Structure formats: structure tokens, C-alpha cells
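**Q** Take a look at this one; I'll ask things after.
The values are calculated or read from the model by the stated rules, or taken from the named source; none is laboratory data. The structure displayed is predicted, hence computed values, not measured ones. Neighbour counts run over all protein chains shown; Cβ positions are idealised from the backbone, glycine included.
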Amino acid sequence: MKEIKRRSLLKAIGLSAGAVITGSLPAIASSVIEPTKSKDKKAVLTVAHITDVHIASGSQAPERFKDCLKQIISKHKPDFFLNGGDSIMDASYDNVVRDQVIEQWGIWDDCTRVIEKYELHSCLGNHDMWWKAPAKTDEMYGKDYVVKRLKIPNRYYSFSKKNWHFIVLDSNNSKVSLDTEQYNWLEEDLKKLPAGMPTVLLSHYPILGTTQVLVGGGHSDCKKLKDLFYKHRDKVKICLSGHNHLSDNSTYNGVQYCCNGSMSGFWWGKGDAESAGPGYYLETPPGYAILKMYADGTVENEYHPHHF
């Protein structure tokens, strides 16, 4: 239907597709943005984005995860790692007990020793929190325990590297959103940055993109965040996410929204009838992303399937 409408439009204005390409309609032609070619530029940062590891003892997941981390180090030589959440298989279901939570985080600790020489900046995933602890006063209840286990400064925070700024968000709030306190902090964090300082945002859930149209799981406050990013469009370059186990790269108002696929794919399993291949979730294989960041503020996000 969309292609028919497009053809009808071209026919109505008396143009062929070739006329657009050759410049007979500059206004339309100028709206086509060619991808940036960075072959002759050297990245100031190479960053590995892993998400939805869902680590557990079964399916040889620990060994496979370790092998993948070793591959990332040897093949891509990243400066540091970003972890998009759902680090453990699950602590959020009603039947999960304390020993299971402790076991999963113990496996996470053991696996991430492979990259102990690298900085690992993580955000909270919805499956990381143990909400069914006996009481809210229990030290293992909720977000504070996950912040401690991930060794991060807070449930949301920011840092800078090589003139790039990184903002890590906590989407695990009412209707998948930023709470008021966090939004105000984000607004101030962006405001105080020098003009033009390129910025990366990391969240567990996608803010904008295609995957949430297919499987849900997107930010309910996407319009509010889009408006904020547009206000700071000289700074905000890319928003990274996971959660949906699908790979999607969308661009809106000059901001890339990259929902990268899951390290665990089909939760380290073989897949189901809808899997396009072994271990796939729908059409996306298990994998990780490598980001190349340049001094001029451009950034490339490339998804790499793994076969472990």
C-alpha cells in the first residue's frame, strides 16, 4: 500500500524516480541522508555493547558467555564495555527464591572476571531485581541490591571519555519511563554539557524504534524524551537499548536509536518455530554490538552475531 501511494505521488507530480535522483526536485533529493563513511577516520573510542545476557547455570551459558567476551577482546579490542541490563536470567518471577538470586549473581561475577581489566558500565534490566524478597527492608530487595552487584554508582549516572559523554538510565519505572527525579537529573546533565559535546544514552528498554512496534517493551515517555533530545540535538547522537532481543537501527531527528540484539539470543536455548535460525529470537541471532566513536561526533553501531 505504501509503495502504491508513493508511485501515485510520483505520477501525480509528473516525475519519474530518475528525475528525483538527477536533481530535478532539489527539495525532495536533499531530504535523503547518505550514511557517513568513516573508513579514513580513526575512532577515538571503541566500545562493546552487550545486553540481555540472562546468565544462568544451564545450557552451558557461562562457558559460552566467557568465550564470547574473549572474542570481543581479541577481535575488537574495545576500550570498555556497556551492559544494557538483564544480566542474570531472572530474579523477577514470583517463584524465585533467595538462593537462586545469589547463585545467578555469583555466575555473573565469575563470568565477568574475563573482562576484569576493563571498565564495565551497566544499567538495570527488568529481570535483575528481586521484588519478591520477604520485605522491602531486606538487603536483596529491589534496585539497591542490583546497583551493588553491578558495581555501579547509582541506578542512573553519567561519565565522560575522550570528549564523549555517556548517560546510563533506569527505565524500570511506572509504564516503562523515567521517574520525575531522574528526568530532572537528565535534563540538568544535558544542559550543563558544553555545546556540541557528543553524547550516548544507554537504557534497557528502547526509547524509539521498530522493535517495540513488533513486540512491545518501549518507553511510554518517548515523546517527552524525543523533545528533550531535540532541544539538545547538538549533543545527543545515539540511544542504545536492548530488552527486545531484536536488532534495530532507526534514526529520528538525527539521533540513532539502536536496539541491539541479545547476547543470549533465545535465552541460550535453541529457539522456537518463529526463530530464523538456531538460537535466534525471531530474525535476530545472538550477538553484541561494537560502537566506533569519532572526534567529529559521528558514531557507528555494528551488530555482530556470535556462534557460541
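**Q** Under 30 Å from Tyr257 (Cβ atoms), modelled with pLDDT under 95 and either assigned by TED's automatic domain parsing to the domain that holds Val200 or part of a helix (DSSP H, G or I) (or both), is that true of Tyr93? Steps first, answer last, please.
**A** Numbers: under 30 Å from Tyr257 (Cβ atoms): yes; modelled with pLDDT under 95: yes; either assigned by TED's automatic domain parsing to the domain that holds Val200 or part of a helix (DSSP H, G or I) (or both): yes.
Criteria met by Tyr93.
**Q** Only residues that are touching a residue at least 60 places away in the same chain (Cβ under 8 Å) and either in contact with a helix residue (DSSP H, G or I) (Cβ under 6 Å, 6 or more places away or on another chain) or in a strand (DSSP E or B) (or both): list them for region 273-303, please. Give the derivation first.
**A** So the first thing to find is which residues in region 273-303 are touching a residue at least 60 places away in the same chain (Cβ under 8 Å), and the list is 282, 288-301.
Result: Tyr288, Ala289, Ile290, Leu291, Lys292, Met293, Val299, Glu300, Asn301.
**Q** Counting just the residues of region 277-308 that are of a type in the set (Gly, Ala, Ser), touching a strand residue (DSSP E or B) at 6+ places or on another chain (Cβ under 8 Å) and closer than 14 Å to Asp52 by Cα, which one comes out surrounded by the most Cβ atoms within 10 Å (Cβ to Cβ)?
**A** First, the residues of region 277-308 that are of a type in the set (Gly, Ala, Ser): 277, 279, 287, 289, 295, 297.
With touching a strand residue (DSSP E or B) at 6+ places or on another chain (Cβ under 8 Å) added as a condition, the list becomes 287, 289, 297.
Now narrow it down to the ones that are closer than 14 Å to Asp52 by Cα: 287, 289.
Values: Gly287: 20, Ala289: 24.
If we take residues in region 277-308 being of a type in the set (Gly, Ala, Ser), touching a strand residue (DSSP E or B) at 6+ places or on another chain (Cβ under 8 Å) and closer than 14 Å to Asp52 by Cα, then Ala289 is surrounded by the most Cβ atoms within 10 Å (Cβ to Cβ).
**Q** Test His245 against the criterion of being buried (at least 24 other Cβ atoms within 10 Å of the Cβ), in contact with a strand residue (DSSP E or B) (Cβ under 9 Å, 6 or more places away or on another chain) and either at pLDDT 95 or above or under 28 Å from Leu69 (Cα atoms) (or both), and give yes or no.
**A** Numbers: buried (at least 24 other Cβ atoms within 10 Å of the Cβ): yes; in contact with a strand residue (DSSP E or B) (Cβ under 9 Å, 6 or more places away or on another chain): yes; either at pLDDT 95 or above or under 28 Å from Leu69 (Cα atoms) (or both): yes.
In short, yes.
**Q** Applying the selection to region 134-158, what residues are closer than 19 Å to Asp110 by Cβ, charged (D, E, K, R) and outside any loop (DSSP other than H, G, I, E, B)?
**A** Scanning region 134-158 gives Lys148, Arg149.
A quick yes/no check of all residues on (1) charged (D, E, K, R); (2) in contact with a helix residue (DSSP H, G or I) (Cβ under 8 Å, 6 or more places away or on another chain); (3) closer than 16 Å to Ala289 by Cβ:
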residue	(1), (2), (3)
Pro198	no, no, no
Lys226	yes, no, no
Asp234	yes, no, no
Asn253	no, yes, no
Gln256	no, no, yes
Asn260	no, no, yes
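**Q** While we're on this one: Name the residues in region 241-272 that are assigned to a loop (DSSP other than H, G, I, E, B) and in contact (Cβ under 8 Å) with a residue 40 or more places away in the chain, would you?
**A** Restricting attention to region 241-272, the residues satisfying the condition of being assigned to a loop (DSSP other than H, G, I, E, B) are 242-247, 253-254, 260-272.
Within region 241-272, Gly242, His243, His245, Ser247, Asn260, Gly261, Ser262, Met263, Ser264, Trp267, Trp268, Gly269 meet the criteria.
**Q** Which one of Leu202, Leu291, Leu214 is among the aliphatic types (A, V, I, L, M) and either under 24 Å from Gln182 (Cα atoms) or not assigned by TED's automatic domain parsing to the domain that holds His165 (or both)?
**A** On the way: Leu291 fails: either under 24 Å from Gln182 (Cα atoms) or not assigned by TED's automatic domain parsing to the domain that holds His165 (or both); Leu214 fails: either under 24 Å from Gln182 (Cα atoms) or not assigned by TED's automatic domain parsing to the domain that holds His165 (or both).
Only one candidate qualifies: Leu202.
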